[in-house]
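Student: Structure provided below as structure tokens; questions to follow.
The values are calculated or read from the model by the stated rules, or taken from the named source; none is laboratory data. As the structure is a computational prediction, the values presented were derived from the model and not from experiment. Glycine also receives a Cβ, built like all others from the backbone with ideal geometry; neighbour counts cover every protein chain displayed.
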Amino acid sequence: MCIICIKPRGVEIPESHIIRNMFSNNPDGAGLMYADKDRVRIEKGIMKVNDFLERIERFNKDTALVMHFRIGTGGGNTPGNTHPFPISKNIKDLKKLKFSADIGVCHNGVIDISTSRKDISDTMEYISARLVYIRNAIPQFYKDKNIMTLIDKSIDSKMCFLLPTGKFYTIGKFESKYGCLFSNSTYEYESPHFKYWGEPYSDYDSITPFEPVLNLMPLNSDLHIVYDSYTEFIDDGDGFLVDDSGNVFMDCGNDEACYMPNYDAGMRDIQDGVIPVTYDKDNTFIYTEIKF
């Protein structure tokens, strides 16, 4: 997923709760790039939201600033794999936490490309193996509509390029709000507290954090039940959560949740079967008429 936030010159930095929302929903590290005289300054590898808020305190409305908050899709969730990046074929340059460049780039999405190394992301592969050669052939490629269309079709996602002048160029659709541009809507709401799931219930004694699962919502014991399709066991919703696909998790404490592969969640009225329940990004439950 990730999110890019573009703050043009003359616009105030988004309020702290907007920054926290973006970090909460994209928690694998953040970075920023800004126009400074004749260079683009890149600072990244910021892994805690309070550190990020401190980092941006020095900027004002006169600074052209681009912020990026990451959900890792490959290469590991390391500081060096956070965005932004210079356009370079040198992986060491891409991983540097502070860098000065004549153009910077952020990406939101997943690029269908095989990586040449296990420790780099799809974005880093695309920059070092493809984008750098486009830039070498056409230095001001961002002004060429045909080249930008070619990049758009090859990545099928979103990008932002920042120049030392403070001017920026985008690929893909961005939302405009608060005078800024956002690459998606995860700035609008804060992710629920439960962010990780462990082994399935059969291995409950060895719970360990694995992949991040955003958007888990606790069920309401007065309204909801959970149903084990294997044993046909029915219980109230207390201590259980659902994601936006209807998957059920058990609250294991310590901000961890255990995936329950045989469970479904639904309304309490089960006279004619259980009506499944999921929820949307606004944290409101959605009920469907499909019965299981």
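Student: Quick check: anything in segment 151-162 out of contact with any Leu (no Cβ under 6 Å at 6 or more places or on another chain), modelled with pLDDT of 75 or more and among the aromatic types (Phe, Trp, Tyr)?
Tutor: In the first step, residues of segment 151-162 are kept if they are out of contact with any Leu (no Cβ under 6 Å at 6 or more places or on another chain); the result is 151-162.
With the extra rule that they be modelled with pLDDT of 75 or more, the set shrinks to 151-162.
Now drop any that are not among the aromatic types (Phe, Trp, Tyr), which leaves 161.
Taking every residue of segment 151-162 in turn, at least one turns out to be out of contact with any Leu (no Cβ under 6 Å at 6 or more places or on another chain), modelled with pLDDT of 75 or more and among the aromatic types (Phe, Trp, Tyr).
Student: Now a separate question. Please tell me if Ile71 is at pLDDT below 95 and over 17 Å from Phe161 (Cα atoms). Walk me through how you get there before you give the answer.
Tutor: Values: at pLDDT below 95: yes; over 17 Å from Phe161 (Cα atoms): yes.
Against the criterion (at pLDDT below 95 and over 17 Å from Phe161 (Cα atoms)), Ile71 qualifies.
Student: Return the residues of segment 61-96 that are free of Cβ contacts under 8 Å to residues at least 40 places away in the same chain and among the polar types (S, T, N, Q); say none if nothing qualifies.
Tutor: Across segment 61-96, the qualifying residue is only Asn90.
Student: Restricting the search to segment 133-176, which residues are surrounded by 18 or more Cβ atoms within 10 Å (Cβ to Cβ) and basic (Lys, Arg)?
Tutor: Arg135, Lys158
Student: Output the helices (runs of 4 or more DSSP H) that fall wholly within segment 90-162 and possess 3 or more residues being closer than 23 Å to Asn184 by Cα, or say none. Can you show your working first?
Tutor: Working: elements: 91-95, 122-126, 132-137, 145-155.
Hits in segment 90-162: 122-126, 145-155.
Student: When the residues of segment 34-49 are filtered to those that are crowded, with 21+ Cβ neighbours inside 10 Å and out of contact with any His (no Cβ under 8 Å at 6 or more places or on another chain), which remaining residue is farthest from Gly74 (Cα to Cα)?
Tutor: First, the residues of segment 34-49 that are crowded, with 21+ Cβ neighbours inside 10 Å: 34-35, 40, 42, 44, 46.
Restricting the remaining residues to those that are out of contact with any His (no Cβ under 8 Å at 6 or more places or on another chain) gives 34-35, 40, 42, 46.
Values: Tyr34: 26, Ala35: 29, Val40: 26, Ile42: 21, Ile46: 18 Å.
Only one residue fits best here, namely Ala35.
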